[in-house]
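The values are calculated or read from the model by the stated rules, or taken from the named source; none is laboratory data. Here the structure is a predicted model, which is why all the values come from computation and not from measurement. Positions of Cβ are backbone-derived with ideal geometry, glycine not excepted, and every protein chain shown enters the neighbour counts.
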Amino acid sequence: MFLLYDVSTNGQPKNWKADFTDTFSWPKLIHITWLLYDKKGELTEEADYIINPIGMDVAPQALKKAGLSEEMIEQGVAVKEALTHFDKALDQAMYVFAFNLQYSENVVLAEFYRANMTHKMNQTDRYCLMRESTYFCRLKGRGGGYKWPSLTELHQKIFNAGYEGAGNAQKDIMAVSRCFNKLLSMGELDDLF
């Protein structure tokens, strides 16, 4: 089973190198979405949770970037509810993919830590689609190497088109899914399995 997930947060990390247990450094989750596929590539679960940030102010620019409104997050679920469902999906997955794994994983792990919840994140093989697609995209970076592509750049490279709603976890996960499935069918991810 393949689990693909994406998150939106209330800001950027204060320290990208911080461990997830340094919860001050990692922004809070405001949106998590995932897709779970079986071995045949059939979608078996699709989930989308907007988090109600009880007791937390969310900056207007974070809402705008995530494609959310104050009304949407006020009607969201408690973070523990979303994490409980996500952990059940993790339990079914053999392979977990996020576009920017370092960011997404640390945000989610920090939330599990804040909530004092156990999780199965470390019991799966986890991969970063951004890093795995760097050589495929071959975008020139500083110093002569290749830079990590943005999700929009990867989507553009594969499909010769961008996608609407970049930054919104639900729109992003659909783009991640299209890119993942295309890269898989092209054999670009064969070295992982």
Subject >> Residue list for region 16-45, restricted to those being closer than 9 Å to ALA110 by Cβ and of a type in the set (Phe, Trp, Tyr) >> reply: PHE20, TRP26
Original post:
Inside region 115-156, can you point out the residues that are at positive phi, in a helix (DSSP H, G or I) and modelled with pLDDT of 95 or more?
Top reply: none
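Condition test on VAL96, is it more than 24 Å from GLU42 (Cβ to Cβ) and touching a residue at least 12 places away in the same chain (Cβ under 8 Å)?
Numbers: more than 24 Å from GLU42 (Cβ to Cβ): no; touching a residue at least 12 places away in the same chain (Cβ under 8 Å): yes.
Considered against the rule, which asks whether it is more than 24 Å from GLU42 (Cβ to Cβ) and touching a residue at least 12 places away in the same chain (Cβ under 8 Å), VAL96 comes out as no.
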Original post:
Of all residues in region 94-123 being β-branched (Val, Ile, Thr) and either surrounded by fewer than 18 Cβ atoms within 10 Å (Cβ to Cβ) or touching a Pro at 6+ places or on another chain (Cβ under 9 Å) (or both), which is farthest from SER177 (Cα to Cα)?
Top reply: THR118
Original post:
Among TYR163, TYR146, which is in contact with a His (Cβ under 8 Å, 6 or more places away or on another chain) and either over 19 Å from LEU3 (Cβ atoms) or surrounded by 13 or more Cβ atoms within 10 Å (Cβ to Cβ) (or both)?
Top reply: TYR163
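Collect the residues in region 149-158 that are surrounded by fewer than 17 Cβ atoms within 10 Å (Cβ to Cβ) and under 21 Å from VAL96 (Cβ atoms), keeping them in residue-number order. Break it down into steps so the answer makes sense when it comes.
Filtering region 149-158 down to residues surrounded by fewer than 17 Cβ atoms within 10 Å (Cβ to Cβ) leaves 150, 152-153, 156-157.
Matches in region 149-158: SER150 only.
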Original post:
Which of the following residues is part of a helix (DSSP H, G or I) and not β-branched (Val, Ile, Thr): ALA175, ALA166, ALA161?
Top reply: ALA175
Original post:
Considering only region 75-133, how many residues are under 28 Å from GLU153 (Cβ atoms) and among the hydroxyl-bearing types (Ser, Thr, Tyr)?
Top reply: 6
Original post:
Which residues, taken from region 29-42, are out of contact with any strand residue (DSSP E or B) (no Cβ under 6 Å at 6 or more places or on another chain) and either within 18 Å of ASP57 (Cα to Cα) or touching a residue at least 60 places away in the same chain (Cβ under 8 Å) (or both)?
Top reply: GLY41
**OP:** Please enumerate the residues belonging to region 25-64 that are at pLDDT 95 or above, closer than 17 Å to TYR113 by Cβ and over 14 Å from the mean Cα position of the chain (by Cα).
**Re:** SER25, TRP26, ILE51
Original post:
Of the residues that make up region 166-178, is at least one at positive phi, surrounded by fewer than 15 Cβ atoms within 10 Å (Cβ to Cβ) and out of contact with any His (no Cβ under 6 Å at 6 or more places or on another chain)?
Top reply: no
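So, of the residues in region 28-49 that are among the hydrophobic types (A, V, I, L, M, F, W, C) and more than 16 Å from ASP87 (Cα to Cα), which turns out to be surrounded by the fewest Cβ atoms within 10 Å (Cβ to Cβ)?
My answer is LEU43.
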Original post:
Across region 43-56, what is the total count of residues that are more than 22 Å from ALA98 (Cβ to Cβ) and without any contact (Cβ under 8 Å) to a residue 24 or more places away in the chain?
Top reply: 1
**OP:** Would you please list the contacts, defined by Cβ atoms under 8 Å and residues six or more apart or on different chains, that run from a residue in region 152-167 that is within 24 Å of GLY11 (Cβ to Cβ) and in contact (Cβ under 8 Å) with a residue 60 or more places away in the chain to a residue that is surrounded by 15 or more Cβ atoms within 10 Å (Cβ to Cβ) and of a type outside the set (S, T, N, Q)?
**Re:** GLY165/GLY67; GLY165/LYS171; GLY165/ASP172; GLY167/LYS65; GLY167/ALA66; GLY167/GLY67
